[in-house]
Amino acid sequence: MTPNPHNTNKGHKGNNMNSQASTADSSQFAPNDTASASTAIIDKGLLIPFILITACFALWGAANNMTDLLVPAFQKVLSMSQFESSFIQSAFYGAYFCMALPAAILIQKYSYKKGVLIGLGIYALGAALCFPASQAMSFYFFLFAFYVFAAGCAILETVAAPYILSMGPEATATQRINLAQAFNPIGVLLGVYLGKEVILKGLNSASESERGAMAAEELAKIQGMELSNVVTAYIVVGLVSLLLATLIFFKRFPDGKSGDKFGSLGESFKRLRKNSNWKFAVVAQFFYVGCQVGVWTYAVKYIMVNLTGENTEAEAAQFVFYGLCVYTSFRFLCTFLMTYISPSRLLSLMATLAICFVSTAIFVGGEIGTYALLASFSCMSLMFPTIYGLGLTGVGEDRKLGGSFIIMAILGGAVIVPFQGWIIDQTDVNTSYLIPLTCFAIVLVYSLFAHKKEAEVGIN
């Protein structure tokens, strides 16, 4: 398979970019490097852009998992039900649905670099909005702040994912996106650490009944202190995003427009509608993201119910942190295994194991169920980027529009998680994991379908 030309130097500004741009272009067409280029993970001359864009993956990883821990935090701080507090996830993942397509159009008109800078700026703005939200002590203001924050994440993810895919031949595209996504869990761990150490450990030990018996002034004082911890955590990640934006702004690297032209949106969408693999990938991503967010959001609740001795949110979150450490290590392991096993086959294996682990969590419970639930984290390590990469296999010039819809499928986190929360309110947390179990089954079916597409384009 021949490398996919990217032309990432289009639209460069200034002559000082020419040497780097020519290096990137010439590496794709070097006459003596055809064999090595077809199997290269990253094209020559694109290592620095790859590193800088990959750094953004950690930022939205931190954002996603800090949000997971906000659900139990706000439930306690504001005495809310699981269903009510889950609207944090609806605001967060709803922003992905709304912003993915505008973000793709943005980088079509401008450049990858500008798209990244805009995303980082909105990310920092959303983090900063948590401060006035805490002063107003308004849950709806917080929802708005998280929506803006997630809009920045959506732009970053929409810009970064197709850019990473374009940095080498299509034969290694799925492996390349998994390599970049392997650094996403580093942000995940940092986000969970901030969430459990700053937000959850800062929760007052007073129970819901004790809070109900407090005087209004006393309760407001406690809530104000707890919400200030939320602000602290988000200000930290906001400052990190501004630092990264500064480095990208001053660093000279190819920042051209996307080489994947939309052309006619109507014609592009008509072609995609005929692509059964792409359509199935959008559906699979919807259910996978809902599954992942649900597993992580209610893991703290599950552990507090099933594991004896872990009675506080912070104690339960420590186990979640350990599970995410395993998740991180498996992201690198799965990327390595893709050298020997096709992405679709590896996805099938992990989906099957996830079904086994979550079934144990539901029907066995207790200590065994807890560790089975944590083990399921490892199975999710490759799923999002692999579904993304497989769904865009063979779409050609429609990659940008197709990728935007797969990112928009993150809406699953906004729809499925509140439903799981409602089930917890009506029954119990163990029963609620029937929802992620069903979602994993859908991912398994898609992986089997996608294997046929891999075979058609010669990826074994």
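Val429 meets the stated requirement of being closer than 23 Å to Phe92 by Cα, crowded, with 18+ Cβ neighbours inside 10 Å and more than 23 Å from the chain's Cα centre (by Cα).
Among the residues here, Thr370 does not qualify as hydroxyl-bearing (Ser, Thr, Tyr), within 30 Å of Ile105 (Cβ to Cβ) and outside any loop (DSSP other than H, G, I, E, B).
Condition check ((1) free of Cβ contacts under 8 Å to residues at least 24 places away in the same chain; (2) surrounded by fewer than 23 Cβ atoms within 10 Å (Cβ to Cβ); (3) within 23 Å of Leu190 (Cα to Cα); (4) among the aliphatic types (A, V, I, L, M)) across all residues:
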residue: Val71; (1), (2), (3), (4): no, no, yes, yes
residue: Gln89; (1), (2), (3), (4): no, no, yes, no
residue: Ala95; (1), (2), (3), (4): no, no, yes, yes
residue: Leu117; (1), (2), (3), (4): no, yes, yes, yes
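For Leu203, indicate whether it is modelled with pLDDT of 80 or more, touching a helix residue (DSSP H, G or I) at 6+ places or on another chain (Cβ under 7 Å), in a helix (DSSP H, G or I) and of a type outside the set (Gly, Ala, Ser). Against the criterion (modelled with pLDDT of 80 or more, touching a helix residue (DSSP H, G or I) at 6+ places or on another chain (Cβ under 7 Å), in a helix (DSSP H, G or I) and of a type outside the set (Gly, Ala, Ser)), Leu203 does not qualify. Evaluate the range 154-166: report whether one residue or more is at negative phi, modelled with pLDDT of 90 or more and under 13 Å from the mean Cα position of the chain (by Cα). Looking for residues that are at negative phi, modelled with pLDDT of 90 or more and under 13 Å from the mean Cα position of the chain (by Cα), one finds none in the range 154-166, hence no.
Would it be correct to say that Ile122 is modelled with pLDDT of 90 or more, more than 24 Å from Gly45 (Cβ to Cβ), surrounded by fewer than 21 Cβ atoms within 10 Å (Cβ to Cβ) and within 19 Å of the chain's Cα centre (by Cα)? No. Only one entry of Ala171, Ala160, Ala151 meets the criterion of being without any contact (Cβ under 8 Å) to a residue 60 or more places away in the chain and part of a helix (DSSP H, G or I), and that entry is Ala151.
Looking at the range 251-272, is at least one residue in contact with a helix residue (DSSP H, G or I) (Cβ under 7 Å, 6 or more places away or on another chain), modelled with pLDDT of 90 or more and among the small types (Gly, Ala, Ser)? Checked the range 251-272: no residue is in contact with a helix residue (DSSP H, G or I) (Cβ under 7 Å, 6 or more places away or on another chain), modelled with pLDDT of 90 or more and among the small types (Gly, Ala, Ser).
Would you mention how many residues in the range 326-339 are touching a residue at least 60 places away in the same chain (Cβ under 8 Å) and surrounded by fewer than 17 Cβ atoms within 10 Å (Cβ to Cβ)? Qualifying residue count, the range 326-339: 2.
Counting residues in the range 311-326 that are outside any helix (DSSP H, G or I) and out of contact with any Asp or Glu (no Cβ under 7 Å at 6 or more places or on another chain) gives one or more.
The values are calculated or read from the model by the stated rules, or taken from the named source; none is laboratory data. Just so we're clear, the structure is a prediction, and the values are computed from it rather than from any experiment. Cβ sites come from the backbone with ideal geometry, for glycine too, and all protein chains shown count toward neighbours.
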